[in-house]
1. Name the residues in the range 8-24 that are crowded, with 16+ Cβ neighbours inside 10 Å and either within 13 Å of the chain's Cα centre (by Cα) or basic (Lys, Arg) (or both), would you?
2. Quick one: is Arg183 assigned to a loop (DSSP other than H, G, I, E, B) and within 22 Å of Ser87 (Cα to Cα)?
3. Tell me the residue from His10, His50 that is without any contact (Cβ under 8 Å) to a residue 24 or more places away in the chain and either farther than 28 Å from Phe103 by Cβ or in a helix (DSSP H, G or I) (or both), please.
4. Can you pull out the residues in the range 207-234 that are crowded, with 17+ Cβ neighbours inside 10 Å and assigned to a strand (DSSP E or B)?
5. Only one of these is under 23 Å from the mean Cα position of the chain (by Cα) and of a type in the set (A, V, I, L, M, F, W, C): Phe186, Phe155. Name it.
6. Please determine, by comparing only the residues of the range 99-123 that are surrounded by fewer than 12 Cβ atoms within 10 Å (Cβ to Cβ) and of a type outside the set (Asp, Glu), which one is farthest from Lys169 (Cα to Cα).
7. Which condition breaks for Ile126 when tested against (1) closer than 23 Å to Phe140 by Cβ; (2) surrounded by 15 or more Cβ atoms within 10 Å (Cβ to Cβ)?
Amino acid sequence: MLKMIKRFYHYVITYDFEMIYLNSVVQTLLMNGKGNILDVGCGYGRYLKHFQENGFNILGVEQNNQIVNANIEQGLNCISVESFSQSDVKFDLIIMSHIIEHFSPNDLKEFIDFYLDRLIVEGHLIIITPLMSSYFYDDFDHVKPYQPTGIMMVFGKNQAQVQYYSRNKLALKDIWFRKSFYRISFMKSKYKYCGMTTRLYQFGIFISALVTYLSRGYFGKTDGWLGVFAKIDG
């Protein structure tokens, strides 16, 4: 019984509305699995495995060579950034999930442009990224949150008053805002076991997550977004 409760607790706490929405977007953009997908900063291949198993032609690129080798051992299609730079394959869809927030603005412009050079015109870029929250900087190397308006100021066709512009241009086609369960970040019991106080904290987190889960993401804190962009002629 206790194991069942723990499994249910973990299931509710980690339920991923984001993955469900991403899957529906990819299925819509690439009907019948046709087209090449690039997963930038693929990590240990969560998306690679999912979409590969569902019949999509997906390639992951990752800067950590140990992770690249681990993915290859799992039978996943993954290469290093160096190998990617030496290839000339074009893609119909590029996914950048939880990666742009790790860059400073100038570095991010160059990073996105580098990969957009390999996206076909009228192909799509999917960006998934967090917004500012009390837990944004829980990730040690988060640099800053980016919002859709800021991306379009640099990559949109209309020239905004900013320091620099991209060589590739994008049009925003769709956007979805993620809602996560409410949580209290700055409590001692989050970081250190404090007996009953920690148990009450965990119970409160579970109730909050359960409300968000049962409402299918309607009730919660808006803390991230998924944008679908199309590459257009500049």
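Taken together, the values in this text are just the output of simple stated rules run on the coordinates, not laboratory data. Source: prediction; values computed, not measured. Here Cβ is always computed from backbone atoms with ideal geometry, including for glycine, and neighbour counts include all displayed protein chains.
1. Within the range 8-24, Phe17, Glu18, Leu22 meet the criteria.
2. Working: assigned to a loop (DSSP other than H, G, I, E, B): yes; within 22 Å of Ser87 (Cα to Cα): no.
Spelling it out, it is not the case that Arg183 is assigned to a loop (DSSP other than H, G, I, E, B) and within 22 Å of Ser87 (Cα to Cα).
3. On the way: His50 fails: without any contact (Cβ under 8 Å) to a residue 24 or more places away in the chain.
Of His10, His50, the one residue that is without any contact (Cβ under 8 Å) to a residue 24 or more places away in the chain and either farther than 28 Å from Phe103 by Cβ or in a helix (DSSP H, G or I) (or both) is His10.
4. Here is the first cut: in the range 207-234, the ones crowded, with 17+ Cβ neighbours inside 10 Å are 208-209, 212-213, 217, 220-221, 223-231.
Answer for the range 207-234, where residues must be crowded, with 17+ Cβ neighbours inside 10 Å and assigned to a strand (DSSP E or B): Lys221, Asp223, Gly224, Trp225, Leu226, Gly227, Val228, Phe229, Ala230, Lys231.
5. Details: Phe186 fails: under 23 Å from the mean Cα position of the chain (by Cα).
Exactly one of Phe186, Phe155 is under 23 Å from the mean Cα position of the chain (by Cα) and of a type in the set (A, V, I, L, M, F, W, C), namely Phe155.
6. It comes out as Ser104.
7. (1)
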